[in-house]
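K.L.:
First, the structure itself, so that you have it in front of you.
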Amino acid sequence: MIRSPLIALVIASPVWAGEALTFERHVRPILKAQCFHCHGEDGEMKGGLDVRLARFLLKGGKEGPAVIPGDAAKSHLLEMVKSGDMPKGKAKLPAKDIATLEQWIAQGAKTARVEPEKLGPEHAFTDEERAWWAFQPIKKPALPKAAAEANPIDGFLADKLKSSDLTFSKEADPRTLIRRASFDLTGLPPTPEQVEQFVAEWEGRDKSTSGLNPAEIREKAWSSLTARLLSLPAYGERWGRHWLDIAGYADSDGYTDKDMVRPWAWKYRDYVIASLNKDKPFDEFVREQLAGDEMVPLPHRNLSAEAIEKITATGFLRMAADGTGAMNDKAAQNASIADTIKIVSTAFYGMTVGCAQCHDHRYDPITQADYYRMRAIFEPGFNTKAWRAPAGRLVSLLTDKERAVGAKIEEEAKKLDAARLAKQETFISEVLDKELEKAPEKDRDSLRTAYRTEVKKRTPEQVKQLKAWPRINQLSAGSLYLYDTTYKTKYAADLKKMTEDAAAVRATKPKEEFLHAFEEQPLAADKIPVTNLFFRGDIESPKEAVKPGDLTVLASFRPIEIPEKDKAMPTTGRRLAFAKSLTDGKHPLLARVMVNQVWLRHFGKGLVNSPNDFGQLGEKPSHPELLDWLATDFMAHGWSIKHLHKLIMTSRAYRQSSQRDAKRDLIDPDNRLLSRMNVHRLEAETLRDAFLAVSGKLNPKIGGQPVPVTFNEEGQVILGIDTRDTAGRQTGKFITMNGEDYRRSVYVQARRSTPLEMFAAFDAPAMTEANCAVRPNTTVSPQSLLLMNNLYMREHAQDLALRVTKEAGADVEKQVMRAWDLVLSRKPSMADEQEAVTFVKAQTEHYKVTPAKLEKVSGAPEKDNAAPELLGLTALCHALLSSNEFLYVD
């Protein structure tokens with residue numbers, strides 16, 4: 001028999017070589033992704049053809065049988081896909097998919113089992129789809145034979161390394177390790193003093209290690225270091241940033257060009273940071289974010305600290321872009337709900353459930369009904385029938401007692417207001433009498449009457465008469481200052497003082513703060529919103545109603561139904577029931593997704609390197625047994641993220657050198673087997689924080705209102721209080737930030753429309769998408785240009801030079817040594833030192849001839865030229881801050 005080139009290609013391929021192809025495993029996934037939409041799904045039968053079962057293909061449509069078993073050449077289906085006529089409106093099928101179809105037909109178009117008589121919900125998935133690894137129960141695997149390794153992680157990794165004739169790399173040196181650990185856990189570089197202390201402990205130069213062998217000394221030093229780093233507030237700021245990416249955190253609504261500010265979203269940011277710092281169990285962390293409001297009795301007033309924490313957590317469900325503050329229509333509402341479901345599903349499921357909004361998922365066993373079942377869990381809280389715009393859904397933190405205190409203070413302030421108004425009337429009457437004396441006696445009464453007549457009730461004659469006497473016509477509380485000069489009075493000053501007195505009294509009222517939260521309102525049973533499946537995702541085309549529930553594919557081994565109404569609760573209780581089900585320790589996705597996220601942040605790549613897609617289009621786990629072992633261990637240790645850090649960081653894998661060699665690169669070019677450590681580039685926020693830290697300018701203040709962003713005169717986004725006028729023009733005013741502009745980047749206002757230039761260049765997400773489960777890691781020319789030319793970069797270099805001068809004095813050699821210590825956590829080589837000294841001296845001479853001022857991004861510019869010596873050292877500091885050794889962590 002003569003085979004076609006395509007069949008020959010497939011048979012020669014290692015994928016299907018010698019394998020009998022079946023419809024369920026090999027063909028259906030191709031047809032589901034490309035053809036179901038028009039041929040079978042939602043009753044759509046173009047050409048009368050249904051392709052969802054093999055026997056439907058044999059039966060065919062208007063053109064007759066689509067497939068002739070054993071005769072690929074006469075099969076209409078193959079003819080259409082080869083010509084590119086099908087799938088219609090899409091790209092031609094890849095050659096490998098066409099070859100698979102051809103080989104299947106040539107082998108007799110076989111099925112793996114007897115097909116169902118008719119397709120109903122129970123036949124939505126094949127056994128092959130149900131068997132996908134991510135949907136299997138998590139079972140703790142046995143430790144591999146290589147478990148002689150002290151850390152089980154190393155046992156799993158060593159097993160695979162051995163099978164590829166690889167081993168772990170040697171352990172990194174202590175300076176590399178402390179820099180790696182510091183950036184990993186706190187997002188900040190270690191100080192030179194911390195480095196020297198750790199090196200001393202590592203080398204056993206500490207009296208407390210007496211009697212220990214070298215290996216025990218190193219373990220003790222490493223354990224002490226990780227414990228110290230995990231205890232720092234900076235830990236929560238660093239790892240809080242990771243979770244905020246996953247949650248889609250933003251301080252603005254997005255969706256429309258207005259990008260309206262969310263003035264209280266920062267409360268959720270602070271909740272995340274505080275939760276991680278106190279190592280809140282991750283299952284509890286999840287439950288609070290999904291249903292914290294349902295854990296707090298109604299009404300939500302006079303809240304305890306614990307209740308506030310739980311309601312604050314639900315800000316997670318308000319992080320999606322939301323245009324309903326600017327244009328509250330059905331489309332904006334639906335978009336906000338859809339993005340929220342995307343955030344929930346990628347954060348906790350690692351699945352692209354959102355792809356099923358318009359049709360069954362093309363690749364994964366997720367039906368369109370599943371999508372709307374998940375939506376039904378959240379529908380009562382959103383309630384499109386009684387939608388609340390962002391400003392109308394804030395939860396007040398003011399207590400009844402504080403309101404009562406505020407009411408009393410307001411009464412006192414109103415008394416002062418009344419006294420001021422009485423005094424104001426007295427002053428106006430006095431001025432009016434004096435001005436009327438200037439008018440003819442015959443006109444005085446009519447002028448007085450005209451002035452005292454309400455403006456809108458004045459007759460044309462009165463208006464004309466007053467215009468003839470502008471000094472009377474313009475008389476008002478706001479214009480009294482104009483008469484003070486004439487009559488040598490201080491009417492305006494007295495009234496201003498009385499206004500200030502009232503304002504001072506009001507300033508003592510308890511401040512009302514709010515929570516940007518998700519709060520479900522109690523509803524009568526017949527008022528609870530019904531969730532309908534939308535035909536092709538069209539909100540104007542609702543179909544059958546669906547009930548809340550989890551993914552149907554999980555039904556074979558766990559309950560997926562969510563009660564429509566918990567009778568013991570004033571709200572529906574759906575989200576709380578869902579949250580409990582998700583965190584019951586038996587759900588196949590949540591623990592796997594979280595340990596993979598933590599692993600990704602430590603090693604630069606996940607065990608599943610598509611952390612937001614555990615489905616068919618994502619990557620399969622590089623070490624599936626290790627992933628499940630970590631997931632079970634994570635849950636067994638109380639869902640403690642800090643325990644997981646310690647477990648990972650005490651492994652040989654984590655403490656390896658990152659040095660490459662030809663053998664490793666040849667066998668494992670992407671280092672998926674982890675025979676060495678991956679080199680990391682600092683993230684955008686970490687890079688800025690590191691600049692502030694080494695220059696000595698970092699403001700350690702934790703939490704609170706975000707640091708605002710604005711535009712400078714050149715249109716660049718900078719840190720600063722917005723002083724533009726209503727037309728968007730700069731007024732030239734400058735309002736000091738009092739050091740707020742030196743706070744950590746996690747506290748910088750996250751406006752979707754106005755990211756800082758450095759953040760945008762170094763891949764920080766602006767949350768124009770729903771969320772960010774993993775950041776891209778680009779290397780592009782604008783990054784180098786920014787490091788060379790950005791105003792902030794030059795200011796950071798100046799600040800570093802000022803610090804070095806202060807700490808090292810005027811001696812250039814000592815300055816170079818200190819700069820290297822601060823920036824690179826090591827001493828320069830002799831050659832580097834000599835070259836740097838020569839460079840600084842040459843730059844100093846340059847600035848003696850060409851004077852310059854210090855750079856200032858915002859605020860008043862320097863009046864005088866800077867010292868040439870400082871500018872020369874600044875040039876070196878700029879080079880060090882821009883160096884790869886600073887930008888990357890080994």
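K.L.:
Tell me the residue from THR838, THR874, THR805, THR779 that is hydroxyl-bearing (Ser, Thr, Tyr), loosely packed, with under 13 Cβ neighbours inside 10 Å and in a helix (DSSP H, G or I), please. It would help to see each step written out before you state the result.
P.N.:
Values: THR874 fails: loosely packed, with under 13 Cβ neighbours inside 10 Å; THR805 fails: loosely packed, with under 13 Cβ neighbours inside 10 Å; THR779 fails: in a helix (DSSP H, G or I).
After applying the criteria, what remains is THR838.
K.L.:
Let me ask you something else. Find the residue count for the range 424-457, including only residues that are surrounded by 14 or more Cβ atoms within 10 Å (Cβ to Cβ), closer than 21 Å to TYR481 by Cβ and of a type in the set (D, E, K, R).
P.N.:
3
K.L.:
Conditions: (1) within 32 Å of the chain's Cα centre (by Cα); (2) in a helix (DSSP H, G or I). LYS856 meets all but one. Number of the miss?
P.N.:
Only one criterion is unmet by LYS856, namely (2).
K.L.:
I need the full set of residues from the range 526-548 which are touching a Pro at 6+ places or on another chain (Cβ under 9 Å) and outside any loop (DSSP other than H, G, I, E, B), in order please.
P.N.:
THR531, ASN532, LEU533, PHE534, PHE535
K.L.:
Restricting the search to the range 125-175, which residues are of a type in the set (Val, Ile, Thr) and either under 20 Å from GLU219 (Cα atoms) or more than 32 Å from the chain's Cα centre (by Cα) (or both)? Don't jump to the end; show me each part of the working.
P.N.:
Narrowing the range 125-175 to residues of a type in the set (Val, Ile, Thr): 126, 138, 153, 167.
Listed by number, the residues that qualify are THR126, ILE153, THR167.
K.L.:
A further question follows. Here are the criteria: (1) crowded, with 19+ Cβ neighbours inside 10 Å; (2) over 30 Å from LYS586 (Cβ atoms). Tell me which single one ILE138 does not satisfy.
P.N.:
(2)
K.L.:
Under 6 Å between Cβ atoms, which residue pairs at least 6 apart in sequence (or on different chains) link something in the range 111-139 that is not assigned by TED's automatic domain parsing to the domain that holds ALA631 with a partner that is surrounded by 11 or more Cβ atoms within 10 Å (Cβ to Cβ) and among the aromatic types (Phe, Trp, Tyr)?
P.N.:
If the second residue must be surrounded by 11 or more Cβ atoms within 10 Å (Cβ to Cβ) and among the aromatic types (Phe, Trp, Tyr), the pairs left are THR111/PHE23; ALA134/PHE614; PRO137/PHE557.
K.L.:
Among (1) surrounded by 17 or more Cβ atoms within 10 Å (Cβ to Cβ); (2) closer than 30 Å to VAL51 by Cβ; (3) in contact with a Ser or Thr (Cβ under 6 Å, 6 or more places away or on another chain), where does THR126 come up short?
P.N.:
Just one mismatch for THR126, condition (3).
K.L.:
All but one of (1) surrounded by fewer than 20 Cβ atoms within 10 Å (Cβ to Cβ); (2) modelled with pLDDT of 95 or more; (3) outside any helix (DSSP H, G or I); (4) not β-branched (Val, Ile, Thr) hold for MET351; which doesn't?
P.N.:
So the condition that MET351 fails would be (1).
K.L.:
While we're looking at this one, here's another question. Looking at the range 588-633 only, could you name the residues that are surrounded by fewer than 19 Cβ atoms within 10 Å (Cβ to Cβ), under 22 Å from VAL553 (Cβ atoms) and of a type outside the set (D, E, K, R)?
P.N.:
SER610, GLN616, LEU617, PRO624, THR632
K.L.:
Please go through the range 561-585 and give me each residue that is in contact (Cβ under 8 Å) with a residue 40 or more places away in the chain and touching a strand residue (DSSP E or B) at 6+ places or on another chain (Cβ under 7 Å), ordered by number.
P.N.:
Answer for the range 561-585, where residues must be in contact (Cβ under 8 Å) with a residue 40 or more places away in the chain and touching a strand residue (DSSP E or B) at 6+ places or on another chain (Cβ under 7 Å): just ILE562.
K.L.:
Return yes when ALA750 is touching an Asp or Glu at 6+ places or on another chain (Cβ under 7 Å), buried (at least 22 other Cβ atoms within 10 Å of the Cβ), among the hydrophobic types (A, V, I, L, M, F, W, C) and farther than 24 Å from ASN884 by Cα and no when it is not.
P.N.:
Details: touching an Asp or Glu at 6+ places or on another chain (Cβ under 7 Å): yes; buried (at least 22 other Cβ atoms within 10 Å of the Cβ): yes; among the hydrophobic types (A, V, I, L, M, F, W, C): yes; farther than 24 Å from ASN884 by Cα: yes.
Yes: the conditions hold for ALA750.
K.L.:
Specify which of the listed residues (LEU416, LEU466, LEU482) is assigned to a helix (DSSP H, G or I) and at pLDDT 95 or above. Before the answer, list the steps.
P.N.:
Values: LEU466 fails: at pLDDT 95 or above; LEU482 fails: at pLDDT 95 or above.
So the residue among LEU416, LEU466, LEU482 that is assigned to a helix (DSSP H, G or I) and at pLDDT 95 or above is LEU416.
K.L.:
Further question on the same structure: Which of the residues spanning the range 355-370 are in contact (Cβ under 8 Å) with a residue 60 or more places away in the chain and either in a helix (DSSP H, G or I) or under 22 Å from the mean Cα position of the chain (by Cα) (or both)?
P.N.:
Just the residues of the range 355-370 that are in contact (Cβ under 8 Å) with a residue 60 or more places away in the chain, to begin with: 357-370.
The answer is GLN368, ALA369, ASP370.
K.L.:
Moving on to the next point. Taking the condition under 20 Å from THR226 (Cα atoms) and surrounded by 15 or more Cβ atoms within 10 Å (Cβ to Cβ), does PRO192 pass?
P.N.:
Working: under 20 Å from THR226 (Cα atoms): yes; surrounded by 15 or more Cβ atoms within 10 Å (Cβ to Cβ): yes.
Taking the combined requirement at face value, the residue satisfies it.
K.L.:
So which helices (runs of 4 or more DSSP H) stay within the range 650-768 end to end and still have 1 or more residues that are in contact with a strand residue (DSSP E or B) (Cβ under 9 Å, 6 or more places away or on another chain) and not polar (S, T, N, Q)? Before you say what the answer is, go through the steps one by one.
P.N.:
Values: elements: 662-667, 684-694, 757-761.
Fully inside the range 650-768 and qualifying: 684-694, 757-761.
K.L.:
Follow-up. Given the conditions (1) of a type outside the set (Lys, Arg); (2) in a loop (DSSP other than H, G, I, E, B); (3) on the phi < 0 side of the Ramachandran plot, report the number of the one that ASN302 does not fulfil.
P.N.:
Among (1) of a type outside the set (Lys, Arg); (2) in a loop (DSSP other than H, G, I, E, B); (3) on the phi < 0 side of the Ramachandran plot, ASN302 violates only (3).
K.L.:
ALA819: part of a helix (DSSP H, G or I), over 27 Å from GLU683 (Cβ atoms) and not assigned by TED's automatic domain parsing to the domain that holds VAL199, yes or no? Walk me through how you get there before you give the answer.
P.N.:
On the way: part of a helix (DSSP H, G or I): yes; over 27 Å from GLU683 (Cβ atoms): no; not assigned by TED's automatic domain parsing to the domain that holds VAL199: yes.
No: the conditions fail for ALA819.
K.L.:
Take the range 63-99 and flag every residue that is under 26 Å from ALA124 (Cα atoms), of a type in the set (D, E, K, R) and either modelled with pLDDT of 90 or more or assigned to a helix (DSSP H, G or I) (or both).
P.N.:
Hits for the range 63-99 are LYS96, ASP97.
K.L.:
Now for a separate question. Need a quick list: helices (runs of 4 or more DSSP H) entirely within the range 179-261 having at least 2 residues that are more than 27 Å from ASN612 (Cβ to Cβ). Walk me through it before giving the result.
P.N.:
Details: elements: 192-202, 214-231, 233-247.
Fully inside the range 179-261 and qualifying: 192-202, 214-231.
K.L.:
Any residue at all in the range 346-354 that's in contact (Cβ under 8 Å) with a residue 24 or more places away in the chain, more than 30 Å from LYS258 (Cα to Cα) and hydrophobic (A, V, I, L, M, F, W, C)?
P.N.:
yes
K.L.:
Return yes or no: is GLU102 touching an Asp or Glu at 6+ places or on another chain (Cβ under 9 Å) and part of a helix (DSSP H, G or I)? I'd like the intermediate steps shown before the answer.
P.N.:
On the way: touching an Asp or Glu at 6+ places or on another chain (Cβ under 9 Å): no; part of a helix (DSSP H, G or I): yes.
In short, no.
K.L.:
Oh, and also: I'd like to check something: does the range 154-167 contain any residue that is part of a helix (DSSP H, G or I) and among the β-branched types (Val, Ile, Thr)?
P.N.:
Start the filter on the range 154-167 by keeping residues that are part of a helix (DSSP H, G or I), which leaves 154-163.
Subsequent filtering for residues that are among the β-branched types (Val, Ile, Thr) retains none.
Looking for residues that are part of a helix (DSSP H, G or I) and among the β-branched types (Val, Ile, Thr), one finds none in the range 154-167, hence no.
K.L.:
I'd like to check something: does the range 323-344 contain any residue that is over 22 Å from PRO529 (Cα atoms), out of contact with any Leu (no Cβ under 9 Å at 6 or more places or on another chain) and at pLDDT 95 or above?
P.N.:
no
The values are calculated or read from the model by the stated rules, or taken from the named source; none is laboratory data. All values derive from a computational prediction rather than experimental measurement. No Cβ is skipped: glycine too gets one built from the backbone with ideal geometry, and neighbour counts run over all protein chains shown.
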